[in-house]
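Notes follow once the structure below has been shown.
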Amino acid sequence: MDPTKKRQIRLVTALSAAVLLAVALIYTSFNAANDALEPSQLTARADGTYDVTGKVASDSVERGETLRFEITDRDGGEGVPVAYQGIVPDPFREGREVIITGALNEQGVLVAEKDSLITKCPSKFAEEHGDDPNVIIEDA
Amino acid sequence: MEFALAILIVALVAVFVSVPLRAKAGADGTAGTVATADPELAGLEARKQTKYREIRDTELDRAQGKLTESDFKRQRGELRAEAISILKQIDARKQALGPSDAERKADAEAERPS
Amino acid sequence: MNALGAAALAAALLTAIYTLIAALIGARSGDRRWVDSSRRGFYAIFVLLLISVVSLESAFLRSDFSVELVANNSSTTTPTLYKLTAMWGSQGGSLMLWAFVLSIAASAVLFATRHSHREIAPWATAVMAAIATFFLGLMMAGVIFTNAETYPFALLAAGQVPAEGAGLNPLLRHPAMAIHPPMLYSGYVFFTVPFAFAIGALITRRLDATWIRSTRRFALIAWLFLSIGLALGARWSYSELGWGGYWAWDPVENAALLPWLTGTAFIHSIMVQERRGMLKTWNVSLIVTTFALSLLGTFLVRSGVLQSIHAFGESKVGLPLLLLIAAVIIGSTLLIISRLDDLRSERRIDSLLSRESMFLLNNLLFIGLAVIVFWGTFFPLISEAFTGQESSLAAPWYNRYTTPVAIGLLFLAGVGPLVAWRRISTSNLRKAFAIPISAALVAAAVIILAGEGLSEPIALVLFVAGAFTLAAVGQEIWRGTAARRALSGDSVPVAFSTLLTRNRRRYGGYIVHMGIALMLIGVAASSSFQTSTDVRLSPGESAEVGDYTVTYVRPTSEVDSQEQKLVFGAVLDVTRGGEQVTLLNPAREFFASSSADPAAPLRGFFEGEATSEVGRKEGVSRDIWTAMQPDLTSFDPVIAEGDELFGRLAAQLDLTDPGAVQALADQQGAAIAGLGERYLNPATTPPAEFRVNVNPFVIWIWIGVIVGAIGALFALWPGAEARRSRVSNVYAAKLARELATR
């Protein structure tokens, strides 16, 4: 076969493969993605599994076999109760931003998937510091 | 305090970076002239080195049984012909640049650890 | 000291501007004096930034809280190592690090090329000076526009200097986390060098392989830094509880993978240009992409835009960085388009079965992988832009696409070295592939017979690909040694070491391939065959986890006044078939917190920062990994009682009297120590939740990384220069003879 023609065929094959992959990528990503919501948007939604991003409300954390807490929007507002089982990441604490995957049950409790609680990479915590810690533990 | 310090530092830097610029006054022949090492020549030298490496790799490939004898002979023949043409171009370029430049180039080559 | 650092920083900006101008004058006029002056400019920037960095670090060491950066990121109780590394936890400090590393890389490359590249180097200097000006300008803009965030030497007004700094987050107090950010940054920054030379080559139309020869070492160094940075991030997350798994942990880590992928593609494809004069457009495009992705990585870390789009406006460096990225992409693209004529290939690919076409395939796969990771990482932004609804992709989506590509790349890591340049004949093909394919088949048989392979087909394929590649690379090295012996008659070890040291690039690269194969085997095994169990145990109780029996032997507790922490831990005895395997000591550490509620000092202690110390036994075939969380609900009444007591005590005391405050703090310390005793007392020890993981083959991930790093170091180690010129002299003599006889 004519080498230029051969090259053209190769090029067309490669390009169509790339286009196919791109289409698959785009199509599946819109299907596979969980909508990321803030807690306040959650109540308006029907059933379904969502990634909920928000702040852990202060004075809401109850530890035990099931971890219970409330999650609010970044700017505060009404909290949504969460029931969670699984690993609790170390950075988890009141006031910190978390992402959790789960669905609302009839009681309006967000029942989270096991081990779905994620806190963000702590390299961004620096800005949260500000006030001055007291020396609590003295040398014996 | 900080301002005075900054002025002092900037002055020191100015002295340091302007050394080559001030060399104009004492023109020693090399400063100020255009490119002593010819980029054309540098490119050819680079191609020469790569070509040598290519020849060496071909030999290694044959020794490891990755190339058939006939492929090897053909490839080495081609590579050598290319290398020779590069060497000729280098010679021609050196001629064109004039003897002084070519010699300086050769001297620089000789100074390198071999 | 602070004044010196600040003055040096300001002078560095002025010098960078001068360097840019001098380099441009030199590049346009061809006047060596300006070029030499601009080179000296970069040396000066390096020295000035060194002074700045040293003076900032000394402020950290002296705990000089008049510097805002120090007050916000360090404290007197911060351990010394973390005082030194706290610098890059902040906006200003990390910009400073960027500029400093750039001055090192630029000075090094300008020194190395001071006698060559008369045309390209001045333009490259100008590009690097422009980037240095940008970053230094960003820092100094902090002074002019009084947003102290980007200016590392911002001072607090005399009255506002705190007695104690905010300290470094305890979670970041891990050696891997201390080195992880500067490694990633150095990786990003070192890609500036090949980028700048590529731009210089484009401008001057000197598009042969000379710019690649002079800068490929820097690309390799950048690659090595990025690899180490990524591996340290992984290592750190393995020591933490609940890091979220691959892909999901933090988009910033995915972003660091992007330039790594395109950079790896670049390191491979430049070999094709050097050897065959092909792929010129592709190579300049790749390095531009890699550099743009490096800037993007910096931008993502510093702007937090992926955490939430709302963070963007709050960041002072987001917009300027985005503009720089846009300028780099648009400028480079226009430049490449205008030089398309000069970028034409000197040759075409002879055969699909040749090393160059393997390199091309490898490049396509790496780019494909980069596209997948890019799309997944930026999907929250993309979906918000198109549908108005932010949504995110989880690990299964990534795995669906990345796994097949990774398998393909792993096979190619073995196939590539087996195939000769230009073409390989069928008979040679058989000779080259027989052993690696048999090795792959044997591996498949062994795994299937062992009984676990078929349940996890993806892991099986990855193992087989890994076995193939290890065998292929092993055979390459062995045959090379044999060929060398046949030539020189040396003993095996001598032939082996001369083979490797005389072909550092080739065999260094092969060693990296082995490392990657080991690493991917570790990743596949540990993610497919992990057993994970949650158990709740009191002292004396035990539980079965896989083949292992885990017994909670006794609680441990410790109070550390240096780091201000209280540790509750457990000793676990792990046995298998009645035989003791190891004793593990997982613990949970509670840190005295800056934001603790003053009205509830004890409660605040447990709601502040806490970290898990993982108890881990690493082994060749499996790691046993445990983390614990004591259930402190039974302590609640005691803590509440204690807090009430403190409330009453504090009300009675005059809190302006330092003695009284001290007495209160002493009481608090005693109460905390009391809680520690209560924890140890068998009658009151609370039960604890344990997560026990048995992770097979994890250690091979780290071994693979180390092998790969050694390979990369071996490949870029200089010293081959002298030998290379000796070899070339031999060939020159040969060819001269040939010329003479014609």
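Nothing in this text is a laboratory measurement; each read-out follows from the coordinates by a stated rule. Just so it is clear, the model here is predicted, and its values are computed rather than measured. Cβ: placed from backbone, ideal geometry, glycine included. Neighbour counts: every protein chain shown.
Got a sec to turn the phi values of segment A:6-15 into Karplus ³J(HN,Hα) couplings, 6.51 cos²θ - 1.76 cosθ + 1.60 with θ = phi - 60°, whole Hz, x for Gly and Pro?
Per residue, the Karplus-derived 3J(HN,Hα) values read 4, 4, 4, 4, 4, 4, 5, 4, 4, 5 Hz.
What whole-number distance in Å separates the alpha-carbon centres of segment C:444-463 and segment C:150-198?
Each part reduced to its Cα centre gives a spacing of 45 Å.
Quick check: the distance between the Cα centres of segment C:578-592 and segment C:374-409, to the nearest angstrom?
Here the two parts' Cα centres lie 37 Å apart.
What is segment C:48-134 by shape, rounded, prolate or oblate, if you read a ≥ b ≥ c off the alpha carbon gyration tensor as root eigenvalues and call it rounded for a/c under 1.5, prolate for a/b larger than b/c, and oblate otherwise?
Values: a/c = 3.91, a/b = 2.89, b/c = 1.35.
The shape class here is prolate.
Against the longest alpha carbon principal axis of chain C, how many degrees, from 0 to 90 and to the nearest 10, is the axis of helix C:32-61 turned?
Helix C:32-61 sits at roughly 20 degrees to that axis.
Starting from the amide H of C:Arg536, placed 1.01 Å from N in the peptide plane, find each other amide H under 5 Å away whose residue is 5 or more places distant or on another chain.
Placed amide hydrogens put C:Phe690 under 5 Å from C:Arg536.
Taking the Cα centre of the protein assembly as shown as the origin and placing charges on Cβ (Lys, Arg +1; Asp, Glu -1), which of C:Leu418, C:Ser90, A:Gly108 is farthest toward the positive end of the dipole?
The listed residue farthest towards the positive side: C:Leu418.
Would you compute, from DSSP H runs of 4+ residues alone, the mean residue ellipticity of chain C at 222 nm, taking -39500 (n - 2.57) per run and dividing by the full residue count, rounded to the nearest 500? Let's see the in-between values first.
Details: 24 runs with 488 residues, N = 742.
When only DSSP H runs of four or more count, the value is -22500 deg cm²/dmol.
Which whole-number percent gives the relative contact order of segment C:106-245, counting Cα pairs below 8 Å spaced six or more residues apart?
Working: 117 pairs, mean separation 43.6, N = 140.
The value is 31 percent.
Taking a spot 7 Å from the Cα of C:Thr426 along the direction of its beta carbon, which residues of segment C:313-354 have an amide N less than 16 Å from it?
C:352-353
For a quick check: sort A:Ile99, C:Ile120 by the number of other beta carbons within 10 angstrom, fewest at the front. Spell out each step's value before the answer.
On the way: A:Ile99 19, C:Ile120 28.
Taking fewest neighbouring Cβ atoms as first place, the list is A:Ile99, C:Ile120.
Could you derive backbone 3J(HN,Hα) for segment A:70-78 from the dihedral phi with the Karplus parameters 6.51, -1.76 and 1.60 (θ = phi - 60°), listing whole Hz in sequence and x where the residue is Gly or Pro?
Running phi through 6.51 cos²θ - 1.76 cosθ + 1.60 with θ = phi - 60° gives 10, 10, 10, 4, 4, 8, x, x, 5 Hz.
Shape call for chain C from the C-alpha gyration tensor, a ≥ b ≥ c root eigenvalues: rounded (a/c under 1.5), prolate (a/b greater than b/c) or oblate? Let's see the in-between values first.
Numbers: a/c = 2.30, a/b = 1.31, b/c = 1.75.
Note, shape of chain C comes out oblate.
Obtain the nm distance between the two label points defined at C:Arg536 and C:Trp717 by a simple spin-label model: each point lies 7 Å from its Cα along the Cα-to-C-beta direction.
Once both label points are built, they end up 5.7 nm from each other.
For segment C:517-594, rounded, prolate or oblate, judged on the Cα gyration tensor with a ≥ b ≥ c (square roots of eigenvalues), a/c < 1.5 rounded, else prolate if a/b > b/c?
On the way: a/c = 2.66, a/b = 1.38, b/c = 1.93.
Oblate is the answer for segment C:517-594, as a/c is 1.5 or above yet b/c matches or exceeds a/b.
Would you pull out the residues with amide H under 5 Å of A:Ile71's amide H, same chain only if 5 or more places away, H placed 1.01 Å from N?
Here A:Ala57, A:Val80, A:Val82 satisfy the definition.
Kindly write out, for segment C:687-692 in residue order, the coupling ³J(HN,Hα) from the Karplus curve 6.51 cos²θ - 1.76 cosθ + 1.60 (θ = phi - 60°), rounded to whole Hz, with x marking Gly and Pro.
Per-residue couplings from phi come out as x, 9, 8, 10, 10, 10 Hz.
Taking the Cβ of each residue in A:Leu15, C:Leu156, C:Leu4 as the centre, tally the other Cβ atoms inside 10 Å and list the residues starting with the fewest.
Least crowded to most crowded, the residues run A:Leu15, C:Leu156, C:Leu4.
Please list, ordered by chain and number, the residues whose modelled amide H lies under 5 Å from the amide H of C:Phe697; skip anything fewer than 5 residues away on the same chain.
Amide H to amide H, under 5 Å and 5 or more residues apart or across chains, C:Phe697 pairs with C:Arg622, C:Asp623.
Evaluate peptide A:83-92: per residue, the Cβ atoms of other protein chains within 10 Å of its Cβ; return the mean as an integer.
6
Quick check: Cα centre of segment C:61-100 to Cα centre of segment C:314-370, how many Å?
A separation of 37 Å, based on Cα centres.
Using only atoms on other chains, find how many Cβ atoms lie within 10 Å of each Cβ of peptide A:22-31 and report the average. Please list the in-between numbers first.
Numbers: counts 3, 0, 2, 9, 4, 0, 4, 11, 7, 1.
Other-chain Cβ atoms within 10 Å of each residue's Cβ, averaged: 4.
To the nearest 10 degrees, how steeply does helix C:658-680 sit against the main Cα axis of chain C, on a 0 to 90 scale?
For helix C:658-680, the angle is close to 80 degrees.
Over chain C, calculate the relative contact order: mean separation of alpha carbon pairs under 8 Å at least 6 apart, over the residue count, as a percent.
Relative contact order here is 10 percent.
Which pairs in the list A:Lys6/B:Lys66; C:Lys316/C:Lys565; A:Lys114/C:Lys316; B:Lys51/B:Lys94; A:Lys5/C:Lys280; A:Lys55/C:Lys83 are over 28 Å apart, alpha-carbon to alpha-carbon? Before the final figure, lay out the partial values.
Working: A:Lys6/B:Lys66 26 Å; C:Lys316/C:Lys565 35 Å; A:Lys114/C:Lys316 38 Å; B:Lys51/B:Lys94 19 Å; A:Lys5/C:Lys280 22 Å; A:Lys55/C:Lys83 30 Å.
Long pairs (Cα-Cα over 28 Å): C:Lys316/C:Lys565; A:Lys114/C:Lys316; A:Lys55/C:Lys83.
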